[in-house]
């Protein structure tokens, strides 16, 4: 009775292997929750550097959205370079009309501002805000102040003047604030209610450009100073309008670069001949007008996504935002709400991604959620002027993708190593590389499938008796060494002919041609027969070596059969082997046993014989022979007798088939 050698493969089930699916899933969930928590905290309570990045992303989205059309109800009348150049031209030619006197340089005569405001109001403007702080008496004398006072009294409740909050010097007390206002015009304009601050919160690094109301209604009370309205808020009040948004908690939503608003240069309003026929006069009906100096800003203006803005453009932007209610607001407003929204977004993405194991699914879910998030953020910004948490959840999604990608990479590496260890026990390295080129197909091979193969069984004759004799003689080590030399040589021959060593059963060798990958049934059958002859040749060479060592010669029989088998990993969860099963396997084993009775070293069935021709000489039929458990089956041998030491078959080489 043969001594059974343990199966080559004894893989533990996946659930028991270190780092199995269950443990890996728990690890992925833990990492996902950590990413979710990080994104939530970052979205709700961002650090200084993160706020800089977030503002940069917001600016990029605003630029991607592009400039918007500002409301037609807000107009800008600038004292610009063109106006100053016009006044300078008149002065150089010494023919200065009354309307152009003193307009070639800054500061302008106060009467000139008053005349422009009066003409705008007479043309239908609802209210005018003059963005100049008239501190103290005019440098042009009392007459200039008197003209301005007369114009203010002539248009009660329709002109807003600027005031400014200044920080006192160290000598007056560090940190103290002083209100600078046009004292000479307070009574003429109807009291302090017509004054508005020109102060605008400076945009710090990582901060949004806040509405001017954030200074007078937020920052001043925080320093113990009574709140004071901004000039834009007073302009709305003078025009009988109300803000459609909470200005103090809103960021400016700029409409585009400098010059986005409709502009009427101040000199065109002052010139009576030009003003009577001006095409833009009709646009003043019910308009809110901001008037003030605008010179080349360079880098000294207020920063915005579209470049530097002048103070007058900023005032117009604030007024238009309040009028339309389209200033930028974070949503949710509370830190906890933003943290919760970001965390829920990532938690949903992680839950959907981990519902299935393929990496393509997980990355697809992450990508879909990221695109959806970008679309919703853009839509909220475009339609509702709301700034949703974007950078933190987007970064969290990228981190999740990296986590899942790294896990898939490591898992694939472990799986490839496992598959390589599994298949290298059976097939040649070249075949292993071919299998591992498609890991999914390799998994299919392990799970089981039907293949048309040629099965080879080889067994030593009289080896059981030789084992008994050497055991009694205390030569077990010598016996094992000779057996290992024989089996090693047989494995080399089988591998060289493209076969797969299925298992060792004592001194018996089972090999399969066409599994786990095949070269075609004809090629595999011819290679199997050629392998059988080469095994006989290798045994002959071993016998010559053993003769010189005084060891017993060995002889073998080889049986082959071709047909359908089931291929896969078979066994219990604790002990499995990659093998083939089916009638073809049983027939090959029976034919190997029949070689002793027929005294023919190599036998094969009709299917194998049919696959040999015409590539080699037709094999010789030995007629129908009784095969245990299968009835009578016609068997064949190679065209010429084969003995230990022969490798040719009617002149044909024993190399693998064509």
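The numbers here are math on the coordinates, done by the rules we state, and not lab data. All values derive from a computational prediction rather than experimental measurement. Note that we place each Cβ from the backbone using ideal geometry, even for glycine, and neighbour counts take in every protein chain shown.
Structure values in brief
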| quantity | calculated |
| --- | --- |
| Packing rank of 272-281, 24-33, 117-126, 240-249, where each peptide gets the mean count of other beta carbons within 10 Å, highest leading | 117-126, 240-249, 24-33, 272-281 |
| Cβ-derived FRET efficiency at R0 35 Å, residue 242 paired with residue 180, nearest 0.05 | 0.80 |
| Inter-part distance where segment 548-626 and segment 79-131 are each reduced to a Cα centre, Å | 111 |
| Rounded to 10°, Cα long-axis angle of helix 142-154 versus longest principal axis of the chain | 70 |
| Label-point separation, residue 280 to residue 622 (7 Å along Cα→Cβ), nm | 11.1 |
| Gained length - residue 336 relative to residue 348, 0.36 nm times residue gap less alpha-carbon distance | 2.5 nm |
| Expected 222 nm ellipticity per residue - DSSP helices of 4 or more, -39500 (n - 2.57), all of the chain, to 500 | -14500 deg cm²/dmol |
| Computed lengthening from residue 484 to residue 139, 0.36 nm per intervening residue step minus Cα-Cα distance | 112.7 nm |
| Principal-axis tilt of helix 476-496 within the chain, Cα atoms, nearest 10 degrees | 60 |
| Normalised convex hull volume, segment 437-637, alpha-carbon set, Å³ per residue | 145 |
| Fully extended contour minus Cα-Cα distance, from residue 402 to residue 375, at 0.36 nm per residue | 7.5 nm |
| Fewest-first ranking of 497, 479, using other Cβ atoms within 10 Å as the exposure measure | 479, 497 |
| Cα extents of segment 19-64 along the three principal axes, largest first (Å) | 48, 23, 13 |
| Simple label model, 7 Å out from Cα along Cβ direction - residue 59 to residue 449, nm | 5.8 |
| Radius, Kirkwood style, for segment 203-303 when every pair of distinct Cα atoms is counted (Å) | 16.5 |
| Dimensionless Rg ratio for segment 26-115, taking C-alpha atoms and the 2.2 N^0.38 Å reference | 2.27 |
| Förster radius 51 Å - calculated FRET efficiency between residue 164 and residue 410, Cβ distance, rounded to 0.05 | 0.20 |
| Antiparallel bridge percentage (DSSP; both residues within the chain; nearest 5) | 65 |
| DSSP beta bridge pairing in segment 437-637, given as percent antiparallel to the nearest 5 | 90 |
| FRET efficiency, residue 418 to residue 105 (Cβ-Cβ, R0 60 Å, nearest 0.05) | 0.10 |
| Mean-position separation - Cα centroids, segment 221-255 and segment 304-341, in angstrom | 12 |
| Relative exposure of 54, 541, judged by other C-beta atoms within 10 Å (fewest first) | 541, 54 |
| Using alpha-carbon coordinates, inclination of helix 335-353 to the longest axis of the chain, degrees | 20 |
| Compactness index (Cα Rg / 2.2 N^0.38 Å), the chain | 1.83 |
| Ranked list, fewest to most other Cβ atoms within 10 Å of each Cβ, for 103, 570 | 570, 103 |
